[in-house]
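The values are calculated or read from the model by the stated rules, or taken from the named source; none is laboratory data. Since we're looking at a predicted model, the values are computed, not measured. Positions of Cβ are generated from backbone atoms using ideal geometry, with glycine treated the same way; all protein chains shown enter the neighbour counts.
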Amino acid sequence: MYMIMHLFREKYLSDILMALTEAGIEDTIVLGGEAIGHKLVFDVPLFASFRDSYGAQRDYGKVIMGVADKDQVDFIIEELKHAGIDLKEKDIAKIYLIPLEEVF
């Protein structure tokens, strides 16, 4: 399976990278980016008037991608829970698993 993780809170990046390594998912790529709301409010003049109401919206984003199976992802989620990080409760990240038929 191919794993795509969207991380919304930067302070958890090192914990997540450590959990990935412990699960044996080391061949990953980490990409940085901005959420579309942040990009619109700060880079598109038409939306500049919304800056004051933007507040605590997500502006940080990392995308972590690599090959992983469901057991490895379950291991990551459990390891993070033991460290006090519950991905589901705190809206810290979303993990998508996409089936792979072939890898060339």
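Just a few scattered comments:
- Count of region 59-72 residues which are more than 10 Å from the chain's Cα centre (by Cα), of a type in the set (D, E, K, R) and either exposed (fewer than 13 other Cβ atoms within 10 Å of the Cβ) or assigned to a strand (DSSP E or B) (or both): 2
- Within region 73-104, restricting attention to residues that are surrounded by 13 or more Cβ atoms within 10 Å (Cβ to Cβ) and free of Cβ contacts under 8 Å to residues at least 60 places away in the same chain, the residue that is farthest from Phe8 (Cα to Cα) is Phe75.
- Reported count of residues in region 3-28, each being more than 12 Å from the chain's Cα centre (by Cα) and β-branched (Val, Ile, Thr), is 3.
- Any hit, region 21-33, residues being modelled with pLDDT of 90 or more, assigned to a strand (DSSP E or B) and either surrounded by fewer than 10 Cβ atoms within 10 Å (Cβ to Cβ) or of a type in the set (D, E, K, R) (or both): yes
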